[in-house]
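A quick write-up on the structure given underneath.
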Amino acid sequence: MKETPMSNCERRFLLRAIEEKKRLDGRQTYDYRNIKISFGTDYGCCIVELGKTRVLGQVSCELVSPKLNRATEGILFFNLELSQMAAPAFEPGRQSDLLVKLNRLLERCLRNSKCIDTESLCVVAGEKVWQIRVDLHLLNHDGNIIDAASIAAIVALCHFRRPDVSVQGDEVTLYTLEERDPVPLSIHHMPICVSFAFFQQGTYLLVDPSEREERVMDGLLVIAMNKHREICTIQSSGGIMLLKDQVLRCSKIAGVKVVEITELIQKALENDQKVRKEGGKFGFAESMANQRITAFKMEKAPIDTSDVEEKAEEIISEAEPPSEVVSKPVLWTPGTAQIGEGIENSWGHLEDSEKEDEDEGGSDEAVILDGVKMDPGVEVSNIGSQDAPIVLSDSEEEEMIILEPDKNPKKIRTQTVSAAQVRAASKKPVKRRRKKRAAN
């Protein structure tokens, strides 16, 4: 599914807001979105939320043979997946240019910067080494994927614990988590990517662009840096020309943001480690907010039900007793009855109003019928009398039975006139036809 194009009005609105140093989510020019880090029950599993952009990180390991040119070093492998669940524009089973660019940038940021000691992953030189695999899944896309992915990758690596091993001769023993405590990875530093979006050929600058801001930007600058202000990698895309002062200003801003994010990561790791040692509850389910439909847990509110019967008796005793009403049938006219007290009859007033409406509407009906031309096969009985039934409907014929007192019921066949026929006939001259009554 192709990405929905942005309208020109929306594009102009965004650019005008950026020129006035305003953003749709209320942030300032150099503000980052809120970062939330939550850990799973297993080591090496985490979810990082950068605003509404969510990335799931999972680290796994296995013993493999090393590479021939690096017999004493372990293997690091990074894989980022963009699924249709994150955004409809991502096509499954196909590597887009964006995905290839993001994977290469992650490898340069984390593997080429030597943030992990790969020599510590060697078990037997030339035979057995640890292969660390980092899988990143984009759960929701709202802009700035690379920053959220880099944070999720480094957090998952810091949180991961590999099984302990022992080597005796040529025999390698792998211990489970119950037999020995798992061993954390040796991490030298934590490189974090910070993205800068440029607009109007580098005139305006935004930090941490959202998805809509990425659509209208002219260029993107990504700087990977650690808290020691060491630049691990830098990449510019979009084809814009940046001045030296602009790059230096972005590097200073990135240094401040990286220090803040690193402190947040370390605090989240310490809290998770503290909860696990104390035997508390941890995992994704515990990190969700309560009192929501999507929450997995609900706190139980204590309810005291020991004196429910006593309180019920008090409420009943204090309440007023119901009034005793005896229902007596009331005969208004022969053949009718009413049970209960009832209220004053108001049908008489309604009948009077109906009679007035009929008197007012009678003249109007006569005017309408004067302009009607009847077809030759149409018979209208008793036009001159006031009791003649006149029915306007869409059906062809109806049978109407008029009941008169002390007389046998008579059947009168009337021809109904539809509203369309009335409008069509009103344009022609009027001709009346009366049927003579048969002699008794």
Self-check item: Full-stretch length increase - residue 306, residue 170 - with 0.36 nm per residue and alpha-carbon distance subtracted
Solution: 42.0 nm
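Using the structure shown, list the pairs from 36/101; 101/267; 52/257; 227/274; 36/227 with a Cα-Cα distance above 22 Å, or answer none.
36/101; 101/267; 227/274
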Quiz item: Reported to two decimal places, what Rg/Rh ratio describes segment 99-141 when computed on Cα atoms with Rh from the Kirkwood expression?
Solution: 1.09
Exercise. Tell me the label-point distance for the pair residue 237, residue 319, using the 7 Å Cα-to-Cβ offset, in nm and rounded to one decimal.
Key: 7.0 nm
Self-check item: Where a label projected 7 Å from the Cα of residue 200 along Cα→Cβ would reach, residues of segment 1-43 with amide N under 12 Å
Solution: 15-22
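Return a whole-number percent for the relative contact order of segment 139-220, with Cα pairs under 8 Å and 6 or more residues apart as the contact set.
Rounded, it is 32 percent for segment 139-220.
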Quiz prompt | Neighbour net charge for residue 76 - beta-carbon separation under 15 angstrom, K R +1, D E -1 | solution = +2
Practice problem: Specify which residue in the list 130, 65, 26 is farthest towards the positive end of the charge dipole of segment 18-131, using unit charges on the beta carbon of Lys, Arg (+1) and Asp, Glu (-1), about the Cα centre. | Solution: 26
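Any read-out appearing in this document is the output of simple, stated calculations on the displayed coordinates, not a laboratory observation. All of these numbers come straight from a predicted model, not from anything done at the bench. Cβ coordinates were reconstructed from backbone atoms using ideal geometry, including for glycine residues, and neighbour counts include every protein chain displayed.
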